[in-house]
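Heads up: the structure comes next, in structure tokens.
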Amino acid sequence: MLRTLLGLLAAVALLQGTVLAAEYPVRPIRLLIGFPPGAGMDAVVRPFASRLSELLGQPVLVENRPGAGGAIASTALTRAPADGYTLGLSSNGDLVIVPLLIKVDYDHIGGFSPISLVSREDGFVLLANAAFPASNVAELVALARAKPGGISFGSGGVGLPHHIAMEEFKIVSRTDMVHVPYKGAAPMLQDIVGGQLMLGIGNVTALPLIRAGKVKPLAVTSARRIAALPEVPTFAEQGYPAVEASGWFGLVGPAALPAEVVQALSAATRKIVEEPAFNERLFGLGMHGEASTPAGLQQLVRDDTARWGRLIKETGVKVE
């Protein structure tokens, strides 16, 4: 009798999973991101959400929940029902680095259901005002050594991968430069163009300003030159191989998301990131589409936690 009952329960569970896989989704999906409209992540999530909506046959509504380096959106996601109707687009910044710097109300490794990698950012760009005396890393190092503490550099915020990369550069180049944190890359770029700030580290999204001659690139943090900026040498090419940093975006859900939902979303994501149209949108952002298995994304989070944890310890970066 007990064996029959257990068999019946297993059959019901299997049937429910099959029905869920066949029907999902049956209503709109919310896609949370932890940064404001216009940010690099926002530029990726809009075309991704639009195409995901087409493939799933339901609206995918992007909700910007900025604050605390993405922790506000991540917290909201962990508290959402694990039914596949609230998802998040996260990055190595908010999913890995922020929990290493501040106390958060979630487990950044076990508190989410990994679904798939969506894109990788090839690297960051060290930018200067057009009138800045240095035009390459060697000239910057010479200038900084001649004026210890006399040169300031900006970033989109304390503890972002960009900021940590520059702190690592200060160590390996034996220079003393002052960090000026901004609330996002956009206001930092405005100040570099206007001359209120002479140096800053940002993203390839600054490409129009570079092409217009309003800012000049000194180096990129990628392992190889970035396709959208082929004329700009890497830090490694200029003698500083330790300065290598990049970013990624991944699709995640609340913990214990049904396997059938994960599978459906993972398959749709892989289709999107392999499409030429999606990659054309990302090219000008210095990114490319890349999918992964759920296990692959989980391992990436673990690997990056170890790597960025080491860099944070080495550089002494803290959120005051």
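The values are calculated or read from the model by the stated rules, or taken from the named source; none is laboratory data. Keep in mind that what you see is a predicted model, and the values were worked out from it rather than measured. Cβ sites come from the backbone with ideal geometry, for glycine too, and all protein chains shown count toward neighbours. The protein model used for the area step is the full one, side chains on, heavy atoms only, and it has no ligands, DNA or RNA in it. Shrake-Rupley method; radii C 1.70, N 1.55, O 1.52, S 1.80 Å.
In table form, for the structure just shown:
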item	result
The listed residue being touching a His at 6+ places or on another chain (Cβ under 7 Å), open to solvent by less than 20 Å² (accessible area, probe 1.4 Å) and modelled with pLDDT under 95, out of 119, 90, 155	155
The lone exception for residue 193 - which of (1) more than 27 Å from residue 309 (Cβ to Cβ); (2) in a loop (DSSP other than H, G, I, E, B); (3) aliphatic (A, V, I, L, M) it fails	(2)
Extreme residue, least open to solvent (accessible area, probe 1.4 Å), among residues of the range 289-320 that are over 17 Å from residue 110 (Cβ atoms) and free of Cβ contacts under 8 Å to residues at least 60 places away in the same chain	307
From the options 186, 236, residue that is open to solvent by 30 Å² or more (accessible area, probe 1.4 Å), modelled with pLDDT under 95 and farther than 30 Å from residue 83 by Cβ	186
Members of the range 172-183 that are assigned to a loop (DSSP other than H, G, I, E, B), under 26 Å from residue 70 (Cβ atoms) and open to solvent by 60 Å² or more (accessible area, probe 1.4 Å)	183
Exclusive hit being surrounded by fewer than 18 Cβ atoms within 10 Å (Cβ to Cβ) and either among the aliphatic types (A, V, I, L, M) or not in a loop (DSSP other than H, G, I, E, B) (or both), set 46, 51	46
Test set (1) in contact with a strand residue (DSSP E or B) (Cβ under 7 Å, 6 or more places away or on another chain); (2) open to solvent by 30 Å² or more (accessible area, probe 1.4 Å); (3) not aliphatic (A, V, I, L, M) - residue 278 fails condition number	(2)
Count of residues meeting criterion [under 29 Å from residue 277 (Cα atoms), in contact (Cβ under 8 Å) with a residue 40 or more places away in the chain and among the hydrophobic types (A, V, I, L, M, F, W, C)] in the range 46-76	5
Verdict on residue 302 being under 16 Å from the mean Cα position of the chain (by Cα), part of a helix (DSSP H, G or I) and under 30 Å from residue 82 (Cβ atoms)	yes
Conditions (1) open to solvent by 30 Å² or more (accessible area, probe 1.4 Å); (2) β-branched (Val, Ile, Thr); (3) in contact with a Lys or Arg (Cβ under 6 Å, 6 or more places away or on another chain); number of the one not met by residue 102	(3)
Top-ranked residue of the range 54-70 - restricted to ones that are more than 18 Å from residue 270 (Cβ to Cβ) and part of a strand (DSSP E or B), ranked as farthest from the chain's Cα centre (by Cα)	61
Enumeration of residues in the range 158-171 that are surrounded by fewer than 19 Cβ atoms within 10 Å (Cβ to Cβ) and assigned to a loop (DSSP other than H, G, I, E, B)	158
